[in-house]
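Notes to accompany the following structure.
The values are calculated or read from the model by the stated rules, or taken from the named source; none is laboratory data. Computed from a predicted structure; not experimentally measured. FYI the Cβ positions are ideal-geometry reconstructions off the backbone, even for glycines, and counts take in every protein chain you see. Remember, those area values only see protein heavy atoms, side chains included, never the ligands or the DNA or RNA. Shrake-Rupley method; radii C 1.70, N 1.55, O 1.52, S 1.80 Å.
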Amino acid sequence: AVFVHEGNVILARNRSWPVPFYGLISGFLERGETAEQCALREIGEELGLRGEKAELIGVYPFAEMNQVILAYHVEAEGEIQLGEELVDTKSVPPVECLAWPAGTGFALRDWLVAGGHQPKMLDLRALKKDSDEPS
């Protein structure tokens, strides 16, 4: 989901991801819950925030993981507290958001465009190359 807190998009880095990768908060449906309920549950589990309503952004194939992404926008309230899966977050104004050409990056792009922004797309190959090079 695209979680917006105090006007900014919250991006997070999972413990298992290499630096410098950040992304949207995501999760899997639990038995018996709707996709909207999942988005609202994940915001609490991962960020300690509350949301009242989840609005559908779109549905995206994610063939790389044999998954389908149901992407939502949620306005969030509260104080950010990292869940056990995360090591860091970034609070990014929508006008400064960069989308990525994979997975949830397409949902972020579509949400930004619907809000009147023209996001730039990250070049994932360049990021991966930079993170693979010894420092």
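Numbers for the structure displayed
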{"quantity": "Gaussian network model of the chain, Cα within-10 Å springs - most flexible of 51, 78, 105", "calculated": "78"}
{"quantity": "Stretch in the chain that is longest and holds no trypsin sites (Lys or Arg not before Pro) that DSSP places in a loop and that have at most 13 other beta carbons within 10 Å", "calculated": "32-135"}
{"quantity": "Share of carbon and sulfur in the accessible heavy-atom surface of the chain [1.4 Å probe, %]", "calculated": "51"}
{"quantity": "Per residue value of the accessible surface for the chain (all protein chains in place, 1.4 Å probe), Å²", "calculated": "62"}
{"quantity": "Net lengthening on full extension, residue 123/residue 67 (0.36 nm per residue, minus Cα-Cα)", "calculated": "17.9 nm"}
{"quantity": "In Å², nearest 10: area of residue 69 left accessible to a 1.4 Å probe", "calculated": "20"}
{"quantity": "Binned Cα-Cα distance frequencies in the stretch 41-89 - 10 Å width, integer %", "calculated": "24, 38, 35, 3"}
{"quantity": "Segment residue 55-residue 95, extension gain: residue separation times 0.36 nm, minus the distance between their alpha carbons", "calculated": "12.4 nm"}
{"quantity": "Mean ellipticity per residue at 222 nm, deg cm²/dmol - from DSSP H runs of n ≥ 4 across the chain, formula -39500 (n - 2.57)", "calculated": "-7000 deg cm²/dmol"}
{"quantity": "Protein-only accessible surface order, largest first, of 2, 87, 59 at 1.4 Å", "calculated": "59, 87, 2"}
{"quantity": "Candidates per GluC sites (Glu not before Pro) in the stretch 38-89, loop by DSSP, up to 11 other Cβ within 10 Å", "calculated": "79, 84"}
{"quantity": "Of all DSSP beta bridges in the chain, antiparallel share, percent nearest 5", "calculated": "75"}
